[in-house]
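The structure follows.
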Ligand SMILES: NC(=O)c1ccc[n+]([C@@H]2O[C@H](COP(=O)([O-])OP(=O)(O)OC[C@H]3O[C@@H](n4cnc5c(N)ncnc54)[C@H](OP(=O)(O)O)[C@@H]3O)[C@@H](O)[C@H]2O)c1
């Protein structure tokens, strides 16, 4: 039995969709903290088990009979490492044989503005290794899907306004990661492997602006403001302070080239080229 956590979210949900095309629903379980959110999966025949990363007992129960666990990193930042550790401990108690964990790929992350935040992923990987359970680490690059959050819904009016300098990113589309995860979950040879998962080209935010200029048929400028200007503009636009800080941290890490990584693993796992950023941006902004 496979169990996918985070299946009520974007990545986990997409993984289950791909799995349902490959194996019977009766071989798939998910962990959900809210049964109502997983009702569609239940209708499709998926075994919905209720549990929360904050609650060890719930996970020990939910992981019974599970051989392979896809542990999607938590989106709840309150004691995130503790949540992951509890999930690993529960997996060990329940006799899970293999954990696939979705972390992050970054160059020299310790020197970045988001070192503490990203360090939780690497600490989780260490904890899984120490558990002795067979692992596969998906070190995901920055999702292309976060771009609309970073540059807004209307870049034709606002321009691409983000303090990322000339830094580049190997943006990867979340759907591609999900398909690759489903492929790994249904095949062998991934035991104790670490996979950097990136798109197949690097893009600066000037490149993003150039693609958007093509899509809109007019020049979309790229503006890389200093920190006070960025904070003031987003505050005026009503963006919550915590969110401004997170966006700035990711932009600053980009500016300092921490996301400048390309790796062919995703293409190998998919058996085709990953989706390009042009195609992704057209799907979002080209309507
Ligand atoms: N590489 C990147 O660029 C990037 C960008 C964004 C996020 N991420 C990471 O990748 C993960 C997956 O991305 P996503 O887009 O699928 O995120 P998402 O849509 O926010 O989904 C997160 C999932 O985690 C579940 N979850 C949160 N807290 C939990 C808890 N305490 N116990 C059990 N489940 C819990 C959520 O359940 P509910 O539905 O009940 O909330 C949801 O199913 C995120 O959680 C985050 O760690 C990476």
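The values are calculated or read from the model by the stated rules, or taken from the named source; none is laboratory data. Quick caveat: nothing in here was measured; it's all calculated off a predicted structure. Cβ coordinates were reconstructed from backbone atoms using ideal geometry, including for glycine residues, and neighbour counts include every protein chain displayed.
Evaluate the following for residue 138: is it at pLDDT below 95, within 12 Å of the ligand (Cβ to nearest atom) and not in a helix (DSSP H, G or I)?
Here the answer is no, as residue 138 does not meet what is asked.
I would also like to ask the following. When you check residue 266 against the structure, is it within 17 Å of the chain's Cα centre (by Cα), assigned to a helix (DSSP H, G or I) and surrounded by 18 or more Cβ atoms within 10 Å (Cβ to Cβ), yes or no?
Spelling it out, residue 266 is indeed within 17 Å of the chain's Cα centre (by Cα), assigned to a helix (DSSP H, G or I) and surrounded by 18 or more Cβ atoms within 10 Å (Cβ to Cβ).
Answer yes if at least one residue in the stretch 207-221 is under 14 Å from the mean Cα position of the chain (by Cα) and either under 27 Å from residue 53 (Cα atoms) or surrounded by fewer than 21 Cβ atoms within 10 Å (Cβ to Cβ) (or both), and no otherwise.
No, because not a single residue in the stretch 207-221 is under 14 Å from the mean Cα position of the chain (by Cα) and either under 27 Å from residue 53 (Cα atoms) or surrounded by fewer than 21 Cβ atoms within 10 Å (Cβ to Cβ) (or both).
Right, here's the next one. Would you mind listing the helices (runs of 4 or more DSSP H) fully within the stretch 1-80 where at least 1 residues are closer than 22 Å to residue 134 by Cβ and modelled with pLDDT of 95 or more?
Answer list for the stretch 1-80: 10-20, 56-62.
Right, something else. Among the candidates 164, 182, which residue alone is over 30 Å from residue 70 (Cα atoms), within 16 Å of the ligand (Cβ to nearest atom) and surrounded by 15 or more Cβ atoms within 10 Å (Cβ to Cβ)?
Just a single option satisfies the conditions, and that option is 164.
Here is a further query. Can you list residue pairs whose Cβ atoms sit under 6 Å apart, with the first residue in the stretch 1-24 being closer than 9 Å to residue 182 by Cβ and the second being in a strand (DSSP E or B) and more than 9 Å from the ligand (Cβ to nearest atom)? Count only pairs 6 or more apart in sequence or on different chains.
If the second residue must be in a strand (DSSP E or B) and more than 9 Å from the ligand (Cβ to nearest atom), the pairs left are 15/4; 16/4; 19/28.
Here is a yes/no grid of residues against (1) assigned to a loop (DSSP other than H, G, I, E, B); (2) over 30 Å from residue 25 (Cα atoms); (3) modelled with pLDDT under 95:
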{"position": "177", "(1), (2), (3)": "no, no, no"}
{"position": "187", "(1), (2), (3)": "yes, no, no"}
{"position": "190", "(1), (2), (3)": "yes, no, no"}
{"position": "195", "(1), (2), (3)": "no, no, no"}
{"position": "208", "(1), (2), (3)": "no, yes, no"}
{"position": "214", "(1), (2), (3)": "no, yes, no"}
{"position": "232", "(1), (2), (3)": "no, yes, no"}
